[in-house]
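Notes to accompany the following structure.
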Amino acid sequence: MADKKKILLADDEEDIKAVITLFLESKGYQIITAFDGLAALDLARSEHPDLILLDVMMPVVNGFEVCTRLKADEETRDIPVVMLSAMAQSESVDKGLAAGAVDYIVKPFDPSRLEEVISRILKS
């Protein structure tokens, strides 16, 4: 289908990327992946995804900083960002939302919760 929603998944854990990619592709989404924060920023600018799933603890540039930079950039500021992180403390959640994320999902998470959040944001 030509109108597949494109999601950028930025996470340095290959197994997590593989599982999420397989799950979301089975739901009809196109997935592009980045290993670190710098690659995520580059891909967000070049690919213009409909949504970004962003891990917090990544090499080079962490997810909070990536989100802050995305929201400061005219080209990427309107792309919704959902943080995916094992950092469950309320300070981390608050920091993610303050950086501009529209939601914050704590790992490990239920795939149906992830799908519900994506569906709601993309209204698909």
If Glu75 meets every condition in (1) crowded, with 18+ Cβ neighbours inside 10 Å; (2) out of contact with any Ser or Thr (no Cβ under 8 Å at 6 or more places or on another chain) apart from one, which number is that one?
(1)
Within region 28-83, the count of residues that are without any contact (Cβ under 8 Å) to a residue 24 or more places away in the chain and not acidic (Asp, Glu) comes to 4
Is it the case that some residue within region 14-26 is outside any helix (DSSP H, G or I) and over 13 Å from the mean Cα position of the chain (by Cα)?
no
For region 102-112, state whether one or more residues are over 12 Å from the mean Cα position of the chain (by Cα), among the basic types (Lys, Arg) and modelled with pLDDT of 95 or more.
no
Any residue in region 86-96 that is hydroxyl-bearing (Ser, Thr, Tyr), under 15 Å from Lys6 (Cα atoms) and without any contact (Cβ under 8 Å) to a residue 24 or more places away in the chain?
no
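The values are calculated or read from the model by the stated rules, or taken from the named source; none is laboratory data. Quantities reported herein were computed from a predicted structural model and do not represent experimental measurements. We place every Cβ from the backbone using ideal geometry, glycine too, and count neighbours over all the protein chains shown.
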